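The values are calculated or read from the model by the stated rules, or taken from the named source; none is laboratory data. Note that the structure is predicted; figures quoted are calculated from it, not measured. Please note: Cβ atoms are built from the backbone with ideal geometry, for glycine as well, and neighbour counts cover all protein chains shown.
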Amino acid sequence: MWGCTPDFGSTTAESEDSFTPNMIKSPSLLCVKDLYIQHDSRPGSDTTSIRTGLRDEEESGPDWFRNMDPDTITPVKDDYKSRETVGGCTIESRFDPVPISSGVSSEVVNERKSSVKTPVSSSPSVNLDDDIDRAFDQRVEQLLSYLCFRERLNDLRWKSIILSMAKEIAQTVKIDVAKRHDHMNILTYVHVKKLFVDQKEPKAELIWGVVCNKSVAHKSMEEPLKDASVMIVAGSIEYERIPGRLSTLEPILNQEVEFLTKQVERILSRRPSVLLVEGNVSRLALDLLRHAGVRVVVNVSLRVLQRIARSTGADILPSSDAQLIQQNIGFCPHFSQRTVVFKDGRHKILLVFNECHPDRGCSVLLKGPDARELRVVKRILLFLTSIQYSSLLEKAFLNMFNVRISFQISNCEVCEARREAISENNEKSDFEKSLLSSVLSASPFLYYEPPYLESVKGRNCSLIPYFNLPVYHFYTNEDFDARQSEEENEVQCCLDRQCPISVPATPRHYYSINGARNAGKMDDLNSFRALGGAIFKKRLRSRRLKSSVQSDSKERQRSRCLRHDMLDPYVHQRVAVLFGSFSAKSPNAPYFCVRPWVVLLQQVL
């Protein structure tokens with residue numbers, strides 16, 4: 001950024017009058033106003049002096065600049081400010097952005113200077129009489145409508161659901177980086193599940209806790225439980241004293257019962273009602289826990305265990321034979337198991353840990369008849385939740401300094417002149433029209449001006465032929481419709497792969513009827529063993545589905561990279577910085593110590 005050192009104890013007028021050529025600094029060290037002052041105060045600011053100054057100051061410039069024809073340089077001389085003192089107050093006139101050439105008379109110049117232009121509001125769509133909260137709410141609603149238009153969300157009943165739920169989540173879930181060492185992104189503690197069910201009305205259920213795709217280890221444990229105490233074990237509850245080593249069978253059979261009985265007694269001494277185990281649980285230990293009335297859930301991933309531990313306040317025990325003295329047992333007000341029937345006939349079992357600490361995290365169940373809409377709603381809900389949380393942080397920052405919305409004319413004449421030039425431009429390109437109708441930020445104080453190459457002067461720039469046209473690619477309605485059809489085909493392919501394959505009632509092999517005792521050929525017997533059963537169909541189908549989904553996701557990401565949208569709100573929530581490291585004392589000089597590369601700073605939400 002350009003900056004200059006303020007001159008304390010002197011007015012602006014005095015600093016301008018006392019400006020001498022000895023005070024001339026490098027242009028890179030001056031702000032915009034000082035550049036104009038230095039240009040006006042330079043003696044002999046005609047074409048010759050400009051050429052001489054450019055030769056002296058830009059000797060180290062690039063070759064294309066040093067080889068530029070000097071005749072193309074035109075003198076530009078504008079009076080920076082005109083001041084009138086009325087009653088001891090200094091009145092400043094507005095900056096005239098039009099350059100003054102030698103062919104214009106002084107009367108025309110004075111007439112243009114005397115006319116004061118009407119200032120342009122910096123936030124035209126915000127009602128200045130409303131407070132800050134209302135301004136943020138209006139901008140979030142505009143952003144939601146823009147996202148629904150881009151994502152082609154036809155069922156507008158989702159808008160009120162998404163808006164209310166995102167606002168409630170952002171206001172309830174608390175991030176404590178200092179004490180709990182939480183992650184700064186609120187989406188880390190928000191989990192969304194899509195349920196493709198056969199119902200007309202779209203619904204969303206907010207659960208202050210955890211929902212996971214698991215089931216209890218026995219049917220007798222399916223009943224709901226209130227005020228449950230939760231114990232979490234990372235490992236397995238089975239007899240294996242030395243993992244990874246072989247041992248004889250006799251000591252295992254003699255010591256297994258005694259070892260598992262002691263382990264179960266140590267677990268029951270903490271009086272848990274729900275036991276979550278990362279690994280497997282021995283059948284003997286499972287029977288002992290079931291008779292004691294403990295709900296057991298096995299083969300739970302570590303990520304799900306961490307979410308449950310955060311919501312319930314439980315500690316994750318490294319193994320069942322570790323010390324239980326320092327472990328905290330979690331608490332869950334309501335524990336239950338649900339069975340959801342999908343629209344295509346599939347069943348899914350969910351474990352629900354509800355009514356836990358609301359500030360620790362939540363889970364959302366989206367229910368609807370359209371699979372593509374569920375995917376779109378999930379994407380918008382997560383994005384809008386992060387936007388709402390970012391708005392809360394910005395409002396807290398503004399309230400900390402007691403900031404209120406008020407109309408104020410910008411002090412930068414250059415910015416005002418540029419804004420007026422943009423507003424007075426009647427020949428707007430397609431990109432400028434799309435930019436005006438787009439919403440790229442949740443802050444009501446941020447507005448994006450069209451880039452220079454999309455302005456009237458930029459379109460007539462001599463460097464345009466060196467760029468690939470269009471310079472700024474953006475999606476149109478045809479692109480949105482094409483992406484919608486592409487997502488619908490992708491979702492339909494996934495649903496077709498997930499449909500259950502019926503096992504044929506008739507046997508598929510000759511040996512299934514007559515037996516294989518009298519098999520004469522070893523090849524036929526091996527073929528029956530490999531292909532005669534149907535128990536591996538589910539496993540093969542899941543592998544095929546996983547590989548196809550991964551390949552489709554890679555192709556989709558590759559296609560999106562080729563068709564980048566400049567007006568995508570998801571992309572504008574990050575900051576791109578060109579980072580590099582250079583030192584003249586480095587042995588790599590004059591090369592970079594660290595080559596320049598683009599660093600994407602994700603918005604901390």
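Listed values, structure above:
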read-out	value
Among the residues listed as 455, 485, 462, the single one being crowded, with 16+ Cβ neighbours inside 10 Å, of a type in the set (Gly, Ala, Ser) and either over 23 Å from the mean Cα position of the chain (by Cα) or under 13 Å from residue 434 (Cβ atoms) (or both)	455
Any hit, the range 255-271, residues being touching a helix residue (DSSP H, G or I) at 6+ places or on another chain (Cβ under 6 Å) and free of Cβ contacts under 8 Å to residues at least 40 places away in the same chain	yes
Candidates 239, 189, filtered to the one that is surrounded by 11 or more Cβ atoms within 10 Å (Cβ to Cβ) and over 30 Å from residue 369 (Cβ atoms)	239
Which listed residue is surrounded by fewer than 19 Cβ atoms within 10 Å (Cβ to Cβ) and not assigned by TED's automatic domain parsing to the domain that holds residue 230, from 333, 369	369
For residue 386: the one exception among (1) more than 29 Å from residue 442 (Cβ to Cβ); (2) touching a Leu at 6+ places or on another chain (Cβ under 6 Å)	(1)
Test: residue 155 is charged (D, E, K, R), in contact with an Asp or Glu (Cβ under 8 Å, 6 or more places away or on another chain) and touching a residue at least 12 places away in the same chain (Cβ under 8 Å)	yes
Which numbered condition residue 220 fails, given (1) under 30 Å from residue 371 (Cα atoms); (2) surrounded by fewer than 16 Cβ atoms within 10 Å (Cβ to Cβ); (3) touching a residue at least 60 places away in the same chain (Cβ under 8 Å)	(1)
